[in-house]
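The next block holds one structure in the form of structure tokens; read it before the comments.
Laboratory data are not the source of any read-out in this text; all were calculated from the coordinates shown. The structure displayed is predicted, hence computed values, not measured ones. Using ideal geometry, Cβ is built from the backbone for each residue, glycine included, and neighbour counts are taken over all protein chains shown.
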Amino acid sequence: MTSQPRVLFLDIETAPILGYVWSLWQQDVGLNQIKSDCFVLSWAAKWLGEDKVIYKDQRKCRDMENDKALMKSLWYLLNKADIIVTHNGKSFDQKRVNARFAIHKFQPPVPYKHIDTKELATRHFGFTSNKLEYLTDKLNVKYKKLKHEKYSGMQLWLECLARNVDAWNEMEKYNKYDVLALEELYNNLIPWDNSINFNLYHNSTVNKCKCGSINFIRKGFSFTAAGKFQRYKCTKCGSWTRGRENLFSKEKRKSLRAKI
């Protein structure tokens, strides 16, 4: 059986930076005004093709700000991944996670590729908004980003910091649902993107689409400056690839002229 790379969907929730300020408008906060720094409150993750959503948080920790054990569990998980998928994770999640790893003196995890669905939306489309809430509302059928229930906005985070059990239950549901919505969004967007060749992750000569299908139809040809190549379309997700064999004869290739 042709294997697939290990693809991990990931979403983190972080505590806000708590500080002392003199006003509500245009504040420059100095380091000596920080009362409590940012740390990871919880994370949720899911392997592509598996049903289980993995979730861990800080609710039972005596020192909630000490997220070392939480980050250690995430570090071990990332070491198993070939590819991680996030939304806005290249700008936020990944850097926050790496910062916490560095603070706790962890070595870098095994290198992985990173697919950011916000980046895919920006690169290939012109949606009105590239926020997860908007994209999942427009594109997803089963899982859409949840709205806050009992605790709205910042109140949810403040209640979790105050060890409110109901708030933590809502945070867990919120965090897990983000991962489920992220996976469905990824499946909607990935047929448009060919930045990662999934066939590099197995030794079989059977080509497998990023959606998992091995069924393709030949449909036309792809032309480059140097040749002509067979074009293929996945019968499941509709994504396009091309063969690597140049179908032009040697004579045709010799006759081609290059731009100067």
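Report, ordered by chain and residue number, the lysines lying within cross-link reach of Lys228, taken as a straight Cα distance under 20 Å and ignoring same-chain residues fewer than 8 apart. Here the lysines satisfying the reach criterion relative to Lys228 are Lys219, Lys250, Lys252, Lys254, Lys259. Both radii come from the Cα set of the range 60-100: Rg as radius of gyration, Rh as Kirkwood radius; their ratio Rg/Rh reads 1.02.
Exposure here means at most 14 other Cβ atoms within 10 Å; with chymotrypsin sites (Phe, Trp or Tyr not before Pro) in a DSSP loop as sites, the longest stretch of the chain lacking them is 128-260.
In plain terms, if you count all Cα to Cα distances in the range 21-165 and split them into 5 Å steps from zero, the share in each step is 2, 7, 13, 17, 19, 18, 15, 7, 2, 0, 0 percent. Kirkwood hydrodynamic radius of the chain, from the reciprocal of the average inverse Cα-Cα distance over all distinct pairs: 21.2 Å.
For the pair His148 and Arg6 in one chain, pulling the backbone fully straight at 0.36 nm per residue adds 48.0 nm over the alpha carbon distance.
Of all DSSP-defined beta bridges confined to the chain, some 75% are antiparallel rather than parallel. Counted residue by residue at 0.36 nm each, then reduced by the alpha carbon distance between them, the extension gain from Val206 to Thr122 reaches 27.1 nm.
For the range 118-175, the convex hull drawn through the C-alpha positions has a volume of 97 cubic angstrom per residue. Among the trypsin sites (Lys or Arg not before Pro) found in the range 1-108, those both in a DSSP coil and sparsely packed, with 12 or fewer other Cβ atoms within 10 Å of their Cβ, are Lys52, Lys60, Arg62, Lys80, Lys105.
May I ask you to list the lysines whose Cα is less than 18 Å away from that of Lys147, ignoring any residue fewer than eight positions away on the same chain? Output for Lys147: Lys131, Lys138, Lys173, Lys176.
The lysines within cross-link reach of Lys68, meaning a Cα-to-Cα straight distance under 18 Å and a gap of 8 or more places when in the same chain, are Lys56, Lys60, Lys95, Lys105.
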